[in-house]
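Structure record follows, encoded as structure tokens.
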Amino acid sequence: MSKLRITAAGYQFIAEFNPDAPRTVAAFRKLLPYRERIIHVRWSGEGCWIPLGDFDLGVGYENATSHPAPGEIIFYPGGLSETEVLLAYGGCDFSSKVGQLAGNHFLTIIEGKENLRALGTKVLWEGAQEILFEEL
């Protein structure tokens, strides 16, 4: 199982790719290292997201969930709402202004989960933060 280092807002996490989303994993790996900014979600609860507009990763739905657990990272390929990556740090019900959505669970944080709430709180109160995904 391949691992990633995720650095965001001064926190570091180690994540594993999810073998149940092989197309999403393969497409995301081509983007690495991937640097963006995360903001707090609007409708989904305790999560941070990377809005990607009409970006097309070239994958459809696989291993999709509407309820990512803390530390799970999902990719929404677009359709009803814009394309995005979402990182759950607490209770999350993946939604948009048009209703509930489902995204591909392709990464799971396995180290550093104790800092997820601190990351989410920082993004909520201080705004957009840099995030970097790097393969180990």
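The values are calculated or read from the model by the stated rules, or taken from the named source; none is laboratory data. In this text the structure is predicted, and so the values were computed from the model without any measurement. Note that we place each Cβ from the backbone using ideal geometry, even for glycine, and neighbour counts take in every protein chain shown.
Please count how many residues of region 23-77 are part of a helix (DSSP H, G or I), hydrophobic (A, V, I, L, M, F, W, C) and surrounded by 16 or more Cβ atoms within 10 Å (Cβ to Cβ).
The number of residues fulfilling the criteria is 3.
Any idea which of (1) at pLDDT 95 or above; (2) over 15 Å from the mean Cα position of the chain (by Cα) is the one residue 100 doesn't satisfy?
(1)
Of the residues 91, 78, 112, only one is closer than 17 Å to residue 27 by Cβ and over 13 Å from the mean Cα position of the chain (by Cα); which?
78
For region 106-125, which residues satisfy the criterion of being in a strand (DSSP E or B) and more than 14 Å from residue 12 (Cβ to Cβ)?
106, 107, 108
Yes or no: residue 132 modelled with pLDDT of 95 or more, surrounded by fewer than 17 Cβ atoms within 10 Å (Cβ to Cβ), of a type in the set (A, V, I, L, M, F, W, C) and assigned to a strand (DSSP E or B)?
It is true that residue 132 is modelled with pLDDT of 95 or more, surrounded by fewer than 17 Cβ atoms within 10 Å (Cβ to Cβ), of a type in the set (A, V, I, L, M, F, W, C) and assigned to a strand (DSSP E or B).
List, please: which pairs have Cβ atoms under 9 Å, are six or more places apart or on different chains, and start with a residue in region 109-136 that is over 17 Å from residue 36 (Cβ atoms) and of a type in the set (D, E, K, R) and end with one that is modelled with pLDDT of 95 or more and surrounded by fewer than 13 Cβ atoms within 10 Å (Cβ to Cβ)?
Here the result reads 111/12, each pair linking region 109-136 to a residue that is modelled with pLDDT of 95 or more and surrounded by fewer than 13 Cβ atoms within 10 Å (Cβ to Cβ).
Of a type in the set (Gly, Ala, Ser) and either farther than 23 Å from residue 130 by Cβ or over 11 Å from the mean Cα position of the chain (by Cα) (or both): is that true of residue 8 in this structure?
In short, yes.
For region 78-95, does any single residue satisfy the condition of being part of a loop (DSSP other than H, G, I, E, B), among the aliphatic types (A, V, I, L, M) and surrounded by 14 or more Cβ atoms within 10 Å (Cβ to Cβ)?
Taking every residue of region 78-95 in turn, none turns out to be part of a loop (DSSP other than H, G, I, E, B), among the aliphatic types (A, V, I, L, M) and surrounded by 14 or more Cβ atoms within 10 Å (Cβ to Cβ).
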